[in-house]
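Read the structure below first, then the notes.
The values are calculated or read from the model by the stated rules, or taken from the named source; none is laboratory data. From a predicted model like this one, the values you see are computed outputs, not experimental measurements. Cβ atoms come from the backbone with ideal geometry, glycine included; neighbour counts cover every protein chain shown. Please note that ligands, DNA and RNA were not included when accessible areas were found on the heavy atoms of the full protein model with its side chains. Shrake-Rupley method; radii C 1.70, N 1.55, O 1.52, S 1.80 Å.
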Amino acid sequence: MAVPGFSEYKVTGGDDGPACSAEVEPLGRSVMECIYSHKIYDPKKDESRESFYILEIGRDASRYSNYRQYKVDSVIVGVYNNKPMTFNEYRKISNSVGGSMRGSLDDIVKRLGDGSMLVHDKVFIDYYVYADSINDLHWTLLPETAEVCGYECHCATADFRGRSWKAWYSMDIPQDNGPWKFGNLPGLILKVEDADSEHVFEAIAVRNSDREFGYDLRSFFKTSREKFNKMLQEYKDYPGDFMSGMPAAPMKADGSYDKPVRSLFYNAIEKE
C-alpha cells in the first residue's frame, strides 16, 4: 500500500530510469508533529554532531524518524503529486534539502495503547527490526519547572540502560510520548539529556498535523535489542571488517582489501 509522503526511492534502469517507491505500512493520520534536535558528543573523537528528527503522533501510533527524509518526501508529494519520476529527479530534490541521500535508517514506531514499539535500524547495508517498550522507563517526578520551545515543562529523572536521564515534559501537551524511545510521562517530552550531556534531545518546533503517515516495508532481519546494539557497536568500531569483500572496498595492488582502521563517529545511547 502506498502512503503519500513516506517513500524511499530506488533506481531501475540507470539514473534516468524510473525511481520506484517502496511499499509503506500505514499508521493512520497524524494529529501532531514535533521536530527535535539531537546533539551527540563522542568522547573518543572529542567531536560533537547534531541531527534532526521528527515525531509524528497519530491516535493509535507514532513514528520517530529522520527529518531530512520527511522534507524530501514532502517536496516530492508537493511537486510530483505521486507522478512517475526519474532517479536523477529524486537525487536533485534530495540534494536540494541539504547533504547526500539518506544512507541510514533510524525509525521507531510506538503503539500508543500498550507502550510497545518496533525499532527499525541499519548496520552497514543490512536492515534490522526488534521489539521494545517504553514501559521499561520508570521516572521520578520532581517539582522543578522550565520553559522549552515555548511550553511550561515539569522535570523528571530516570536511570535507563546505563545512563541517568533528566527530562522536561509539558502537561499542556497531553501526549505520552517523546523523542527516541522516551515516554511514559503525563505529557510530551520536549527535552531530555543524560547526566554527561553526551546525548541531548530538544524540541525546536511543535505543530498540529493532519496527514497520512507510515513506515517503509523492507526485508528486515528480526533480532533482539542486545544483539543489534552489539552489532552496531562492532561496525562503528571496526568498519573495515564489514567492508571487506564488498565491490566498493578499496583494493591494494596485491589484490587484498585495504580495510579502514579508524572507527566511526558513535556514542551508544544504551550502555547495557
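Structural remarks
- For residue 177, the conditions (1) open to solvent by 10 Å² or more (accessible area, probe 1.4 Å); (2) under 27 Å from residue 69 (Cβ atoms) all hold with the exception of (1).
- Comparison of 210, 194, 172, 176 shows that the only residue that is more than 25 Å from residue 121 (Cα to Cα) and either touching a residue at least 24 places away in the same chain (Cβ under 8 Å) or in contact with a Lys or Arg (Cβ under 6 Å, 6 or more places away or on another chain) (or both) is 210.
- Here the strands (runs of 3 or more DSSP E) wholly within segment 102-170 that include at least 2 residues being open to solvent by less than 10 Å² (accessible area, probe 1.4 Å) are 106-111, 116-123, 151-160, 163-170.
- In segment 218-245, the residues that are open to solvent by 70 Å² or more (accessible area, probe 1.4 Å) and part of a helix (DSSP H, G or I): 226, 227, 230, 234, 241
- Residue match in segment 203-217 (condition: farther than 18 Å from residue 52 by Cα, surrounded by fewer than 21 Cβ atoms within 10 Å (Cβ to Cβ) and under 16 Å from the mean Cα position of the chain (by Cα)): yes
- Taken as a whole, segment 160-169 holds no residue that is farther than 18 Å from residue 61 by Cβ, over 22 Å from the mean Cα position of the chain (by Cα) and at pLDDT 95 or above.
- Checked against the criteria, residue 39 does not count as over 19 Å from residue 183 (Cβ atoms), open to solvent by 10 Å² or more (accessible area, probe 1.4 Å), at pLDDT below 95 and of a type outside the set (Asp, Glu).
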